[in-house]
1. What are the residues in region 1-21 that are farther than 20 Å from VAL66 by Cβ, of a type outside the set (Asp, Glu) and surrounded by 10 or more Cβ atoms within 10 Å (Cβ to Cβ), if any?
2. Take the conditions surrounded by 10 or more Cβ atoms within 10 Å (Cβ to Cβ), small (Gly, Ala, Ser) and at pLDDT 90 or above and apply them to SER57. Does it pass?
3. Checking THR72 against (1) among the hydroxyl-bearing types (Ser, Thr, Tyr); (2) open to solvent by 90 Å² or more (accessible area, probe 1.4 Å); (3) modelled with pLDDT of 90 or more, which single condition isn't satisfied?
4. Find the residue count for region 40-53, including only residues that are out of contact with any helix residue (DSSP H, G or I) (no Cβ under 6 Å at 6 or more places or on another chain), under 14 Å from ASP16 (Cα atoms) and without any contact (Cβ under 8 Å) to a residue 24 or more places away in the chain.
5. List pairs: first residue in region 18-29 and under 15 Å from MET60 (Cβ atoms), second residue part of a helix (DSSP H, G or I) and among the acidic types (Asp, Glu) anywhere in the structure, Cβ distance under 9 angstrom, at least six positions apart or on different chains.
6. Among all residue pairs at least 6 apart or on different chains, which show Cβ distances below 6 Å where the first residue, located in region 59-76, is closer than 26 Å to LEU41 by Cβ and the second is surrounded by 10 or more Cβ atoms within 10 Å (Cβ to Cβ)?
7. Across region 33-54, what is the number of residues that are open to solvent by 100 Å² or more (accessible area, probe 1.4 Å) and modelled with pLDDT under 95?
8. Which residues, counting only those in region 33-67, are more than 13 Å from the chain's Cα centre (by Cα) and β-branched (Val, Ile, Thr)?
Amino acid sequence: MDTIDSTPERVGRIYDAMTERLGVVRGRLKRPLTLSEKIFLGHLNDPEHQDLEPGRSYLMLRPDRVAMQDATAQMAILSIHAGGT
């Protein structure tokens, strides 16, 4: 299985991309963002075109990390790595 190292360069790229996405979203909404909005909207897959209607929109996110806790999570990761859905 591939590994992903948390190098300073990788973390810097993640934060740079998040800052860029949040700038796009702030420009679209024309208002400051709450902490919750920053967390979710900073991980949007396509911030320029994503529908942002609260309570109605499904967000397409690009998380940089996912925390999983039990054996079923390990099986899900192995399934995805093997090409499953």
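The values are calculated or read from the model by the stated rules, or taken from the named source; none is laboratory data. The model shown is predicted, which means the values in this text are computed figures rather than measured ones. A quick note on method: Cβ atoms are made from the backbone with ideal geometry, for glycine too, and the neighbour counts reach across all protein chains shown. Please note that ligands, DNA and RNA were not included when accessible areas were found on the heavy atoms of the full protein model with its side chains. Shrake-Rupley method; radii C 1.70, N 1.55, O 1.52, S 1.80 Å.
1. GLY12, THR19
2. Judged against the criteria, SER57 is a match.
3. Unmet condition: (3).
4. So the count comes out to 0.
5. Short answer, once both residue conditions are applied: VAL25/GLU37.
6. MET60/ASN45; LEU61/HIS43; ARG62/HIS43; ARG62/ASN45; PRO63/HIS43; ASP64/ILE14
7. Total satisfying the criteria: 2.
8. Answer for region 33-67, where residues must be more than 13 Å from the chain's Cα centre (by Cα) and β-branched (Val, Ile, Thr): just THR34.
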